[in-house]
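Quick notes on the structure that follows.
What follows is calculated from the coordinates using simple rules that are stated; it is not laboratory data. This is a predicted model, so every value here is computed, not measured. Cβ sites come from the backbone with ideal geometry, for glycine too, and all protein chains shown count toward neighbours.
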Amino acid sequence: MIEDTLSRRGAQYCCFLALIFASADVWPKLSLGFTFRLSQLFIYLCIPLLLPTLRSAGIRSFPGSMWCLAWLLWTCMTLPFSLFLLRSVGYAFWLASNLLIFFAFTQSFRSSEEAKRLLAWLLWSFLLLATFGILQLLGALVGIDILVSEWWIKGKIPRVNGLSYEPSYYATYLITGWVMSTYYLEKRVRGVSTRLVRATALCTTLALFLCTSRLGWGLMCAWLLFRGAVQFVRFLLGKHTSFRILRRNILISLLFPIFLALLPVVAPDRLEILRDDAIFFLGGIGLFGTSGQSAQDRENGVQQTFNAFLEHPLAGTGLGAVSVEIAAQNHSAVETLEDAKENEGMSIFIELLASVGLVGFAIVLGFSIDLALKCRRVYSAAPAELRTQLRGLSWGIAWILLALQFNQNFLRIYLWMDIAVLVTIVAVHLRSSARSPTRKEIETLGQTLI
């Protein structure tokens, strides 16, 4: 029993470390034919640590577990038909590693207290990585380069990227934590440390702002507008409206004009670049007489990705092989991994459809529906604090899915980590609500009634 507890606690700490390094693209990683991230290695380490628990308490199922097995089986069955077999093998292994995250989390965290700890650890991971991003800026200001990938002013002012390849990847990772923590602040969530929530909201706000990612800024503005609209509708309906939330949203929104006002002072040579960026951004959406070329490029990319599905509707092109079909549409060929990266698909949902075909997409949809139904079942019987926790986490996942519509890879590890936390919380509370009362609980209830 002691061995079981200690071993499972070790697995829980491995899950925590996996959460911390989920966004680690540039460091640390290990290349052995395929590139392994440190977070993956921690998940692999969970399996031997969980063996005593699995022997004594058995394997616990989780929402969507059968759908996950079906997806893995379908992927293996369709590998021989892939348009780019070598890359598809690597992507299939990547998928299996991501599905293993669900297994490791649900077997490691088995009680409601442990599930609550996991949620807090998720917030801690965002706080730590946001703090690391802020330290990147401070280090650069004193001449220390801490894994900076892009600079506003070379060697002086970085575009914060954390452990990610680039600022937009970093923003995509952080947006879940920012949405969660700001929502928890708005709802004054219980069951999670208020100091932790405030610190996470503050640091992720600063990190998202400092990374200067247009994607990150756009998603922040979208969330602030959405929550502001919710408060306005509540006001029109005569319900309680929090003007504190409105003030907070206004203060966060003021960061952007303040940044623009200070830029000519701290970095006048970047003003022209920012102007070009603004024109590029407005051009991308076709506003104020600009051409909309970027929007047209994205539209073409989505159309080409969908065309790849139409060419291979049943089994798909194979994981990671959509680029082969897109290259063919552009009258070129994919012969190397670098060629594949030049012809990636657009929008993760359409890219997923093109990769796995109708059958595979139906399996993924089955998993999503199964998880949503079981989450709803837990939510309907849950106390207020758990409802708020589930809503905040769900909104965070919704926003990272929105962010990934501008990228091509649905296998990003941090997305699967976020979903794994939701799956684990739902699994724990499903089991606790379904279990039969113990004899001691029955006796206690009887004494209370008497």
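Descriptive notes on the structure:
- Other-chain or far-sequence residues with amide H under 5 Å of residue 151's (modelled H): 159
- Trypsin sites (Lys or Arg not before Pro) lying in DSSP loop within the stretch 134-235, provided at most 14 other Cβ fall within 10 Å: 154, 156, 188, 190
- Loop-located chymotrypsin sites (Phe, Trp or Tyr not before Pro) in the stretch 134-210 (DSSP state not H, G, I, E or B) with no more than 14 neighbouring Cβ atoms inside 10 Å: 165.
- Listed residue pairs exceeding 20 Å between alpha carbons, taken from 187/239; 29/154; 154/341: 29/154; 154/341
- Sequence-distant residues sharing a close amide H with residue 36 (under 5 Å, placed H): 30, 31
- Loop GluC sites (Glu not before Pro), the stretch 324-418 (other Cβ atoms within 10 Å of the site Cβ: 11 or fewer; DSSP): 335
- Separation in nanometres of the label points that stand 7 Å from Cα toward Cβ, at residue 6 and residue 222: 4.9 nm
- Protection-proxy order for peptides 41-47, 416-422, each taking the mean of Cβ atoms within 10 Å per residue, highest first: 416-422, 41-47
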